[in-house]
1. Going by average Cβ neighbours within 10 Å, how do the peptides 464-474, 489-499, 92-102 rank, with the highest at the top?
2. Can you give me the C-alpha center-to-center distance between the stretch 372-439 and the stretch 151-214, rounded to a whole angstrom?
3. How big is the stretch 220-295 by the Kirkwood estimate over distinct Cα pairs, in Å?
4. Kirkwood hydrodynamic radius (Cα pairs, Å) of the stretch 125-247?
5. Can you grab the distance from the C-alpha centre of the stretch 217-276 to the C-alpha centre of the stretch 96-131, Å, no decimals?
6. Any number yet on Rg/Rh for the stretch 259-326, C-alpha, Kirkwood?
7. Counting Lys +1, Arg +1, Asp -1, Glu -1, what net charge surrounds Lys278 among other residues with beta carbon under 9 Å of its beta carbon?
8. What net charge do the residues around Leu317 carry, taking every other residue with its C-beta under 10 Å from that of Leu317, with Lys and Arg at +1 and Asp and Glu at -1?
Amino acid sequence: MKQATLHTDRHFALAQVDPRLYGSFLEHLGRAVYEGIYQPMHPAADLLRGFRRDTLELVRGLNVPVVRYPGGNFVSGLRWEDTVGPKENRPRRAELAWGVIETNEFGLDEFMEWCRAAGTAPMMAVNLGTRGVDAARNLLEYCNFKSGTAYSDMRVRNGARAPHDIKLWCLGNEMDGPWQMGHKTAHEYGRIAAETGRVMKLLDPTIELVACGSSAWHLPWFGQWESEVLAECYDEVDYLSLHQYYGNAENDTPEFLARSAAMDRFISEVVAICDAEKAKKRSKKTMHLSFDEWNVWYHSHEQDKKLEKWVSAPHQLEDVYNFEDALLVGSMLITLLRHADRVKIACLAQLVNVIAPIMTSDTAAWKQTTYYPFAYTSRFGRGTVLQTVAQSPMYTSKDLGEVPCLDTVLVHDEAGEALTLFAVNKDLREDIGLNCDLRQFEGYAVERHVVLTHADCKAVNTEAAPDTVAPREDGVSALDGGVLTATLGSKSWNMIRLVKR
């Protein structure tokens, strides 16, 4: 058995976890909305609103505090006015981002009702692709003004008397990407983001704004884009976005699991760029990050090439996740927590059916393998992230060099008198014995050790076999004399929860 040691100190706090780190994302794409969260004729649907109650139950189990909406690429061609008012008057549109027909049956006010039912809050995106400052201002007036203006009174007439009071707004989506409707240069985007942000905050100074960073780490303009955008809009925005997806098309599991190290490097580099712009401007403001698209995405690529165009709600981007995907998702969550001092918002992309932890059919809704590390981390990864130093066995990645076999983080919930260790053993063959001196946490004891593992890295959950990959509470760990010892099985995700007796 390999050995690892984790060093920590309860007084060396990294940061308080912002609950919005556990956000998610719903785009008008595939079956995320239609047949995902909204399906009026389904047996499990809410008769009044058409929301799928089986899906709602699973969403609530993820403890998602914020959901980004309505896109994604979709937002860059959206007329938000099409999505409100009587449904029979809403236009059907050719939706260019994904090559489908958008019916607009489910729109802005329905989404706000769904958020209340799901116990979450909106993270709304404005169209800075085919539209701009004026449409963004009008949308904000519709959502946040009480009444007495043209757009707030429109909302009241549409049945939403109280303001939606949306506090978090994305200034467009992936505006660096040539695939984006209204794609812009960094200077062009920085200027429109600054002007849109300035006008929106004149209307509602309480909102927070997210500017678009590069759409992925590997793009040739990464870094330069961030610098040029922030040079224009640093003072007007509150967060800079990061997007990144990982895949295993080469079927190299160790290399795939090393992607959490790439994510760690990506975050560190964006932090450095933000701090460089802060220094140039002699600013007192620290730019925080919104990692508002992250996930595994590659399983559905070939299937999506065969889809018919110009239909409504096709089976797009429906990745069926396997066990190794769950391991990487667990490691990516650990990576986000280890940067909780700067990453304040993150959105797993997406929530239902489309590269999602939840899948639905006409007869059921079930949890994909990736549901479990997210649900446990979202529930128990609340509190203060402690600074840790891990002495871990290493392995060699062809892209990243030496990477640790062990990803780990400690979260201290001082109010709840609990300490939670999240750990992923990426070694496919050997267990890792972990030691951690926790004598500063006097009176604590191991309450539970949850393990997610499977002999087959390619094992999946399906409607017929939804529990093929599921957590067990049979982990081996103990706290004796103030020292935690644990066995982290080969290829396993672990959560060790300690509480004060």
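1. Ranking the peptides 464-474, 489-499, 92-102 by packing returns 489-499, 92-102, 464-474.
2. A separation of 36 Å, based on Cα centres.
3. Hydrodynamic radius (Kirkwood, Cα only) of the stretch 220-295 equals 13.8 Å.
4. Kirkwood hydrodynamic radius for the stretch 125-247: 15.0 Å.
5. Comparing the Cα centres of the stretch 217-276 and the stretch 96-131, I get a distance of 26 Å.
6. We get a ratio of 1.20 for the stretch 259-326.
7. +3
8. Net charge around Leu317: -3.
The values are calculated or read from the model by the stated rules, or taken from the named source; none is laboratory data. Since the structure is predicted, the reported quantities are computational estimates derived from the model, not experimental observations. Ideal geometry is used to build each Cβ from the backbone, glycine not excepted, and the neighbour counts take in all protein chains shown. Quick note on the areas: whole protein, heavy atoms, side chains included, nothing else; ligands and nucleic acids left out. Shrake-Rupley method; radii C 1.70, N 1.55, O 1.52, S 1.80 Å.
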